[in-house]
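Before any comments, here is the structure.
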Amino acid sequence: MSCNNVALLDDEISMVRLLERALDNYDVQSFTDPEGFLNGLRPETDCILLDIQMPGRDGYEICRLLRAREATRHTPILFVSGQSDLDQRLQGYAAGADDFISKPFNIDEMRAKVERALLSKEQREILQSSADYARQAAFEAMTHSAEQGEISRFIEQVMGCKNRQQLASVLIASLKNFGLNAVLACWTGPEFCFVSHAEQVRPLEAELLLSCREGARIIELEKRMIVNFGNASVLIKNVPWQEEARYGRIKDHLCVLMSSVHARLQSLATEHKLHQQQTLLNALDDVEYALQHLQQRQDQGLNSARETVQELELELSEELLLLNLDPDQEQHLTQLVRNHMGQLERLYRNCADVTGPLQPVLQALADIAGKRLPDRDSV
């Protein structure tokens, strides 16, 4: 017990000397006047012994003043007095004392009471420390639970984001709920996208994100931090580096948040490609339908032309009978007409083939869209 500090206040020097000898196994600080005691008492005192009857301030007033001080609010206080009737004891307890030692006192009894007071103080401090730890643990648990809830809400909101701007706004708002000021950079798309918690992104912030995007996953820059996650990077401008526990949690949370941002940007890019592919497929289907319809009209025109040629040949044969031509002249004229009509049919057939010249173009579009064209012969 030699490490404990005990303070004495008694206006009788002989009593002070007696108490010092009785408590020689403690670090004793002695006073004989109240003012000197109040001004010179060490804040780390573990136990205080007070006389009641003293000139100027009495022990009750001194006790109340000690209880009003933060440093001695819970320090054990024992009255040592020759006045030990019930009324005196009640006044002592009302003033805030922990125990009462009557004069003349038994040294062993006095030592036992001091030791008991010191033990009680030690147990109170242990309980207080445990309570503080429990409160801190509970606070940390509630804080962690709230932060996990914010992360869950963020992930739910991320899945509903339709573009980079919405995604960036959701992240910035979520980081504000963590008390963080941030600038987000999205690296997907034809142009980079920068969004800040402030109205504008400073040029130096954009340059810093650009220069660090190929760096480590987490880059710590004194009071700032950059987290890179492939499709996006975030600059945290007010990292709580002085709060070790919160700082560690924030780093873990940032990795989860940015992983979600990265994944959503990747899915948005995939969705955009699928949309483009579907648009191209629809356009290709429309072109194929239009070409088929045009080819059918051309084929119908060719069939009509053939029927017209046949009718012309029939009418020509009938008219030749009226011209009274010899067989050679008739055959020559008929063959001449047939040759020219055959050339016209071949020219018309070549012009009527609409899909043939366009087949390479259609095939290239089909390859881009990932579609297999049917063989022309099977159409």
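The values are calculated or read from the model by the stated rules, or taken from the named source; none is laboratory data. The structure presented is a predicted model; accordingly, all values stated were derived computationally and were not measured. Here Cβ is always computed from backbone atoms with ideal geometry, including for glycine, and neighbour counts include all displayed protein chains. Please note that ligands, DNA and RNA were not included when accessible areas were found on the heavy atoms of the full protein model with its side chains. Shrake-Rupley method; radii C 1.70, N 1.55, O 1.52, S 1.80 Å.
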Self-check item: Euclidean distance between Cα centres, segment 162-187 to segment 24-41, Å
Solution: 61
Quiz item: At a Förster distance of 51 Å, what's the computed FRET efficiency of residue 148 paired with residue 57, Cβ-Cβ distance as r, to 0.05?
Solution: 0.35
Quiz prompt | Loop-located trypsin sites (Lys or Arg not before Pro) in segment 19-122 whose Cβ has at most 12 other Cβ within 10 Å (DSSP) | solution = 69, 73
Self-check item: Accessible surface of the chain, 1.4 Å probe, proportion on carbon and sulfur as whole %
Solution: 53
Quiz prompt | Computed over segment 168-212, Kirkwood Rh from alpha-carbon pairs, angstrom | solution = 11.0
Quiz item: Hey, which lysines would be in cross-link range of residue 113, C-alpha to C-alpha under 24 Å, not counting anything within fewer than 8 residues on its own chain?
Solution: 103, 121
Self-check item: Cβ-defined net charge surrounding residue 178, 10 Å radius [Lys, Arg +1; Asp, Glu -1]
Solution: +1
Exercise. Classify the chain as rounded, prolate or oblate from the Cα gyration tensor: take a ≥ b ≥ c as the square roots of its eigenvalues, call it rounded if a/c is under 1.5, otherwise prolate when a/b beats b/c and oblate if not.
Key: prolate
Quiz prompt | Cα centroid separation, segment 51-65 to segment 210-255 (Å) | solution = 59
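Over the chain, give the accessible area per residue in Å² for a 1.4 Å probe, as an integer.
On a per-residue basis, the chain sits at 60 Å².
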Quiz prompt | Cα-based helix-to-principal-axis angle, 164-177 vs the chain, degrees rounded to 10 | solution = 10
